[in-house]
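Worksheet: the structure to be examined is printed underneath.
The values are calculated or read from the model by the stated rules, or taken from the named source; none is laboratory data. Everything numeric in this text was worked out from a predicted model, so none of it was measured. Positions of Cβ are backbone-derived with ideal geometry, glycine not excepted, and every protein chain shown enters the neighbour counts.
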Amino acid sequence: MAGARERKRAERRKRKRRSDDGVAAAATPSPPDTTEPRPQEGFQERMARRYEERNAEARAKLEPLEPGERPTAVTVAAIVSAVLAVVFVVSAILAIAGVDASGRDIRPAPIILFALVFVMMTVGMWRTRYWAVLGFQTLLLLVMLASALGLVQVSTVAEAVATVLLLAGSGTLFYFMIRALGRIQMPSSPGAD
């Protein structure tokens with residue numbers, strides 16, 4: 001009984017000393033030591049600090065793009081976007097001309113809107129603009145989600161193969177565009193100077 005009581009007292013004294021050391025350390029600023037956890041630092045704070053250190057290391061490794069340089073992934077995405085823009089422009093022209101689409105009434109306005117978006121994204125990615133790359137990544141994410149959900153209701157092997165290829169292709173392009181987006185300098189907001 002006396003042993004347990006002494007152990008509890010010793011633990012309380014240790015906690016008290018740690019707490020006093022933490023207050024004293026907070027009063028005198030010292031360079032951060034990242035090798036060992038801080039006494040009063042909780043799990044979340046420790047993990048946040050580790051992730052921030054890893055992010056800083058990753059940012060230090062990224063080299064900004066040279067003027068006129070375009071990453072390969074962005075070039076491939078610009079070509080894919082240009083092909084889709086041509087498809088939508090041709091579809092819009094056919095819809096305006098009133099070509100029969102198996103008896104369906106096709107409205108050209110949404111097709112024209114998609115064509116304009118793809119043309120803008122193509123030009124923006126060709127000029128290596130941050131907003132265009134980010135917009136195309138968003139589109140790739142939607143394609144990946146749609147194809148993953150589409151795998152649930154495929155009825156033939158050909159549909160399954162095409163859906164898996166679409167998922168793999170969009171996922172691969174998305175992955176390589178992440179590093180490219182990190183190298184493209186995000187524009188500063190107005191008034192940030």
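Brief remarks on what is shown
- Residue within region 152-162 that is of a type in the set (Ser, Thr, Tyr) and part of a helix (DSSP H, G or I) present: no
- Only one of 179, 104 that is under 22 Å from residue 80 (Cα atoms) and of a type outside the set (Phe, Trp, Tyr): 179
- Conditions (1) over 34 Å from the mean Cα position of the chain (by Cα); (2) modelled with pLDDT of 75 or more: number failed by residue 46: (1)
- Residue in region 121-134 that is nearest to residue 86 (Cα to Cα), counting only those that are at pLDDT 90 or above and buried (at least 17 other Cβ atoms within 10 Å of the Cβ): 122
- Filter result (part of a helix (DSSP H, G or I) and in contact (Cβ under 8 Å) with a residue 40 or more places away in the chain) within region 117-130: 121, 122, 125, 126, 130
- Among the residues listed as 65, 94, the single one being outside any helix (DSSP H, G or I) and surrounded by 11 or more Cβ atoms within 10 Å (Cβ to Cβ): 65
- Residue check for residue 114: among the aromatic types (Phe, Trp, Tyr), within 30 Å of residue 57 (Cα to Cα), in a helix (DSSP H, G or I) and out of contact with any Gly (no Cβ under 8 Å at 6 or more places or on another chain): no
- Test for residue 74: is it β-branched (Val, Ile, Thr), touching a Ser or Thr at 6+ places or on another chain (Cβ under 9 Å) and within 23 Å of residue 171 (Cα to Cα): yes
- Residue satisfying condition, being surrounded by fewer than 17 Cβ atoms within 10 Å (Cβ to Cβ), outside any helix (DSSP H, G or I) and among the β-branched types (Val, Ile, Thr), within set 87, 99: 99
- As for region 165-177, it holds at least one residue that is loosely packed, with under 13 Cβ neighbours inside 10 Å, under 13 Å from the mean Cα position of the chain (by Cα) and modelled with pLDDT of 90 or more.
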